[in-house]
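The values are calculated or read from the model by the stated rules, or taken from the named source; none is laboratory data. The shown structure was predicted, so the numbers you read here are calculated from the model rather than taken from an experiment. Using ideal geometry, Cβ is built from the backbone for each residue, glycine included, and neighbour counts are taken over all protein chains shown. Side chains included, ligands, DNA and RNA excluded: accessible areas come from the protein's heavy atoms. Shrake-Rupley method; radii C 1.70, N 1.55, O 1.52, S 1.80 Å.
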Amino acid sequence: MQPPRTPLRRLVVRRSSKTPSTARPFTRHTNLAFRGRPQIPFLSVPLARNQQFRYLTTERKRWLAYEVYLGFKYTLYVWGIIGFSVLGYWSIQQEWLERRYPSPHEWGFLTRLRYRLAKWAPDRTDLPTVDWVLTGNCAKNVLQRLEDQSVEGAGLLPIKTEGGEVSGYDITAKSEPWRRGYYEILMLCAKTAEHLDGDVVDKTRHIVFPKDLVLGPSNPNPKPIPHGSPSAPHEKDCERAFEPPETFYKKILATTGFTSKQKMDAALAYASWLDFKGLSDASELTYEWALALATESSSPAPPLYDPQSFVLHDTTRQPSTNLLNALTALATHKARTGDVATALPILLSVLRARRSLPSPQSTSTTYTEPEEAHSSSPWTLRNVIGFTKRLISPPPYPPPPDDGSSPPVRDAKELCEEAGLNMYIGEIIYAASPSSSRSSREDGLAWTREAVDLAEEQLHKLNNSEDADDAAKKTCQECLSSGLDNWRTMVARLAREEREREAKEPVKASGGWLPSLWGNAKGQEMGGRWTAEENVVKERTKRALEVLEASEAPKTGIGSLFWT
């Protein structure tokens, strides 16, 4: 039986029944239980949305201005260095061009600049082909400036034809350098016109094209355009790219003030161009005109050659250089046209006259003041002073060349001209002889061998000489190269005929088994005369290439710049 419940007991029991059995945690100050970094205001990261900042401060402005200043400064330095480098390179190039292609000092700056570019363009080695369009543009611009009364042509007197056209000028009032430069630019224009003959220029695009690429009724089957080239032009949009060569040749021949040699050289070049175009009659008349110009200085005296056969017959007087050159050109023209009976006597008479020329006189021993001992070092005071003078002062214009009115002397250049005559004679004899005449062809081959030997000997001497003439070197190089080509062609033809002849001959059976065991020892040992000479020509060609390369090798070493 349970005891009765009192009110106090009921209250205690009721309160104790509401009390949880576990310990009660902190509910109001939960942050006191956080063990991390305390949230202090000056250590907290401010939020951008709550606060504003000043980005362009005074220090930042000063830094940005300094950076902009440095950028402009270094940009100016870099472009300044590039500009001065280009200007220095251009100045050195123009100085080199002026020394290689001298221009008259009385011409203006632009005229001299374009004259040098026009002369240099055909000789450039950094381009795969010669840019004749650039050469023609520069040469035509120089020619226009020289003939302009307000630029370089003050004092020129035009020479007009009956129709009122200007055929030439009277340039006798000009100085010799001016006249020589005018002549050279006219000849360069004529040479450029020969290379651009038949080319057309598209007027809409100002591009030069060969005539066989034009689309039009005059060219129904045009050639395809090379890959990467502009599209083919239409005939209606095209015109002639350059004047014909005879325009410039005739202007030289009609101008008053040129020497007889200059006019003769122009007439020979014009006649050669007519030969190339197939106008044999006009070419022969021009050659005879050149021959008359060659004897213009000695017109009161009777000519040294026969006017009918053009053979030199007067042995009492020495022929001039102009006469020898004109007769040689006329003879080669007659040989090309098939008149061998006239050409060969002319060449033989010219060769006889060249061999009778006087030898160059040795320098007489005269007293001269003793000079400084030559030093092997280029850094001597004399060499440095000489280099400085050459660098500062403009190069002098070269003196006028020989006018060709006097007889030449038998120097290295004339000996190479003799070698050239031997080559011409050998080629004519070989080509004119029939295939059955073996002795005549051997005679022509002998003349060619003699030409190669003489040219190679003179080129050896010129390579070992310190004061060798460039014109003589060029003549010997051309003669040696052409002679080797002719010799190789002649021997190859004779060797081929020899092999064909041996192939047709039946093989003779030899008795016994011993010769068959060793083979045809006689045939293998001999190999034919012309086959053996063919091998000789190959060896001579290799040896001659070394001589040609040695003659064209430039001077090496920076010390050569300081040599006086």
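Numbers below:
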| read-out | value |
| --- | --- |
| Residue under evaluation Tyr115, criteria (1) under 19 Å from the mean Cα position of the chain (by Cα); (2) loosely packed, with under 11 Cβ neighbours inside 10 Å; (3) modelled with pLDDT of 95 or more, criterion not met | (2) |
| Residue in the range 404-421 that is at pLDDT 80 or above and closer than 30 Å to Phe109 by Cβ present | no |
| Some residue of the range 209-217 being assigned to a loop (DSSP other than H, G, I, E, B), without any contact (Cβ under 8 Å) to a residue 40 or more places away in the chain and either open to solvent by less than 20 Å² (accessible area, probe 1.4 Å) or among the aliphatic types (A, V, I, L, M) (or both) | yes |
| Residue within the range 97-105 that is open to solvent by 50 Å² or more (accessible area, probe 1.4 Å), modelled with pLDDT of 90 or more, more than 23 Å from Leu196 (Cα to Cα) and of a type in the set (Ser, Thr, Tyr) present | no |
| Filtered residues of the range 460-473 (kept if of a type in the set (A, V, I, L, M, F, W, C) and touching a Lys or Arg at 6+ places or on another chain (Cβ under 7 Å)) | Leu462, Ala471, Ala472 |
| Which numbered condition Pro399 misses (of (1) out of contact with any Pro (no Cβ under 9 Å at 6 or more places or on another chain); (2) buried (at least 21 other Cβ atoms within 10 Å of the Cβ)) | (2) |
| Counted residues, the range 397-420 - those being part of a helix (DSSP H, G or I) and either under 25 Å from the mean Cα position of the chain (by Cα) or on the phi > 0 side of the Ramachandran plot (or both) | 4 |
| Residue match in the range 118-141 (condition: without any contact (Cβ under 8 Å) to a residue 12 or more places away in the chain and in a helix (DSSP H, G or I)) | yes |
| Residue check, Asp443 open to solvent by 50 Å² or more (accessible area, probe 1.4 Å), charged (D, E, K, R) and assigned to a helix (DSSP H, G or I) | yes |
| Test result for Ala432, aliphatic (A, V, I, L, M), in contact with a helix residue (DSSP H, G or I) (Cβ under 8 Å, 6 or more places away or on another chain) and either buried (at least 17 other Cβ atoms within 10 Å of the Cβ) or touching a residue at least 40 places away in the same chain (Cβ under 8 Å) (or both) | yes |
| Within the range 223-327, helices (runs of 4 or more DSSP H) holding 1 or more residues that are within 21 Å of Thr342 (Cβ to Cβ) and either at pLDDT below 90 or of a type in the set (A, V, I, L, M, F, W, C) (or both) | 260-276, 280-294 |
| Qualifying position, being farther than 14 Å from Met187 by Cβ, of a type in the set (Asp, Glu), surrounded by fewer than 20 Cβ atoms within 10 Å (Cβ to Cβ) and without any contact (Cβ under 8 Å) to a residue 24 or more places away in the chain, among Glu284, Glu239, Glu235, Glu288 | Glu235 |
| Some residue of the range 61-74 being open to solvent by less than 50 Å² (accessible area, probe 1.4 Å), over 30 Å from Pro396 (Cβ atoms) and assigned to a helix (DSSP H, G or I) | yes |
| Some residue of the range 184-198 being more than 30 Å from Asp403 (Cα to Cα), open to solvent by less than 60 Å² (accessible area, probe 1.4 Å) and hydrophobic (A, V, I, L, M, F, W, C) | yes |
| Residue, least open to solvent (accessible area, probe 1.4 Å), within the range 458-486, restricted to residues that are among the charged types (D, E, K, R) and either under 23 Å from the mean Cα position of the chain (by Cα) or under 21 Å from Trp447 (Cα atoms) (or both) | Lys473 |
| Residue that is most open to solvent (accessible area, probe 1.4 Å), among those in the range 122-139 that are at pLDDT 90 or above and among the aliphatic types (A, V, I, L, M) | Leu134 |
| Filter result for the condition that a residue is within 23 Å of Thr135 (Cβ to Cβ), touching a Ser or Thr at 6+ places or on another chain (Cβ under 7 Å) and either part of a strand (DSSP E or B) or among the charged types (D, E, K, R) (or both), over Glu152, Glu184 | Glu152 |
| One residue from Phe242, Phe258 being of a type outside the set (D, E, K, R) and out of contact with any Ser or Thr (no Cβ under 7 Å at 6 or more places or on another chain) | Phe258 |
| Pairs, first touching a residue at least 60 places away in the same chain (Cβ under 8 Å) in the range 394-407, second of a type in the set (Lys, Arg), C-beta under 7 Å, six or more apart | Pro395/Arg99; Pro400/Arg180; Asp403/Lys261; Gly404/Lys261 |
| Pair list, Cβ < 7 Å and 6+ apart or interchain, from the range 443-465 residues that are within 11 Å of Cys479 (Cα to Cα) and at pLDDT 90 or above to residues that are of a type in the set (Phe, Trp, Tyr) and crowded, with 22+ Cβ neighbours inside 10 Å | Thr448/Trp487; Val452/Trp487 |
| Test set (1) surrounded by 14 or more Cβ atoms within 10 Å (Cβ to Cβ); (2) more than 25 Å from the chain's Cα centre (by Cα); (3) not hydrophobic (A, V, I, L, M, F, W, C) - Glu176 fails condition number | (1) |
| Scope the range 313-326; condition in contact with a Leu (Cβ under 7 Å, 6 or more places away or on another chain) and crowded, with 22+ Cβ neighbours inside 10 Å; matching residues | Pro319, Leu323, Ala326 |
| Candidate set from the range 302-320 (those that are touching a residue at least 12 places away in the same chain (Cβ under 8 Å) and farther than 14 Å from Ser349 by Cβ); member that is nearest to the chain's Cα centre (by Cα) | Ser320 |
